[in-house]
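Some notes on the structure that comes next.
The values are calculated or read from the model by the stated rules, or taken from the named source; none is laboratory data. Given the structure is predicted, the values throughout are model-derived calculations rather than measurements. With ideal geometry, Cβ positions are generated from the backbone for all residues, glycine too; neighbour counts draw on all protein chains shown. Just so you know, the surface numbers come from the protein's heavy atoms only, side chains and all, with ligands and any DNA or RNA stripped out. Shrake-Rupley method; radii C 1.70, N 1.55, O 1.52, S 1.80 Å.
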Amino acid sequence: MSPTEYPVESKVNVAGHPEDALSALGLNGGSERRIWFFEDLTPGIEPGLPLLSGGVVLRVRSGKSGDFTLKLRPCRRTQLTPEWAAGFTDGNGFEYRVEQDWTGQRRSLAASSVVNLDPDLIDSVVSEGADADTLLAGKQREFLRDCGTLRIAFAGLTPLGPVLATKWKNVPVGKFDTHIERWEVGELDFLEVSIRSDTGAERRQQGLESAVRDLGLSIDEDRESKTRRVLTRLARLASEDAAQGSS
């Protein structure tokens, strides 16, 4: 499978305060969950987010249900061995998907392995400082071993969060059936509109951007990803807390 044959998730980050966008979309309520990321905050390591800079995202989500995602993004197609060249589910709470991730002019390939978890287990790991290794499924270890480019000692990672995430599914925006997600952490507050496309992704992305603007909303043109902006802030806060604790 070539990268252009993978489905596309097109994302539009809305500029301005999310409350204005939610009002324009006629939305309230939503399904809430908390998100944590794991990173290596070893002092002196450059760049400051070595996993993210190395193309690895480790994310846990906890709400009515929970899951743990190990994602390679950006991912080269040549990283993916034949077993991992296409998405699948194993029927035991494990899902693997490969898709293109488009935001504005930024294009990347993302390969994600996701395992369903009990939210209580997630909460105990992030609140009690237990190893992220306890969340990792066997198939995720295989995926990282077969396709990853980093060696990761999960016991040394730091949970960063939580980010409050609120999601709305199947929201009509113009002629598109979209998913809307809001992330809140400190002064950072993002609203993202997304669609998935199997064909005609370029045309559909342009149409989605036009539909968002037709609502009187502006598009955030910041080239830095939402995940990097959030992780940068969370890592800084964690480092400040650690410095205060040692003083």
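Any idea how many residues of segment 1-44 are part of a helix (DSSP H, G or I) and aliphatic (A, V, I, L, M)?
So the answer is 4.
Which residue pairs have Cβ atoms closer than 9 Å, lie 6 or more positions apart in sequence or on different chains, and pair a first residue in segment 10-28 that is basic (Lys, Arg) with a second residue that is part of a loop (DSSP other than H, G, I, E, B)?
As it stands, the answer is 11/104, since those pairs meet every condition given.
Could you tell me which residue of segment 84-104 is surrounded by the fewest Cβ atoms within 10 Å (Cβ to Cβ), considering only residues that are free of Cβ contacts under 8 Å to residues at least 60 places away in the same chain and farther than 17 Å from residue 6 by Cα?
The selected residue is 91.
Just checking, how many residues over segment 190-205 are of a type in the set (D, E, K, R) and touching a Leu at 6+ places or on another chain (Cβ under 6 Å)?
0
Given the criteria among the acidic types (Asp, Glu) and surrounded by fewer than 14 Cβ atoms within 10 Å (Cβ to Cβ), does residue 5 qualify?
yes
Out of everything in segment 105-125 that is small (Gly, Ala, Ser) and closer than 28 Å to residue 194 by Cα, what residue ends up being surrounded by the most Cβ atoms within 10 Å (Cβ to Cβ)?
111
What are the pairs, 6+ residues apart or on separate chains, where a residue within segment 182-201 that is farther than 18 Å from residue 226 by Cβ has its Cβ under 8 Å from a residue that is among the basic types (Lys, Arg)?
Close Cβ pairs (under 8 Å, with a partner that is among the basic types (Lys, Arg)) amount to 197/204.
Which one of these is surrounded by fewer than 16 Cβ atoms within 10 Å (Cβ to Cβ) and modelled with pLDDT of 95 or more: 128, 142?
142
Do we find a residue being under 22 Å from residue 196 (Cα atoms) and open to solvent by 10 Å² or more (accessible area, probe 1.4 Å) anywhere in segment 60-70?
yes
What's the number of the only condition in (1) at positive phi; (2) outside any loop (DSSP other than H, G, I, E, B) that residue 241 fails to meet?
Among (1) at positive phi; (2) outside any loop (DSSP other than H, G, I, E, B), residue 241 violates only (1).
Return yes or no: is residue 218 open to solvent by less than 60 Å² (accessible area, probe 1.4 Å) and either touching a strand residue (DSSP E or B) at 6+ places or on another chain (Cβ under 9 Å) or among the hydrophobic types (A, V, I, L, M, F, W, C) (or both)?
no
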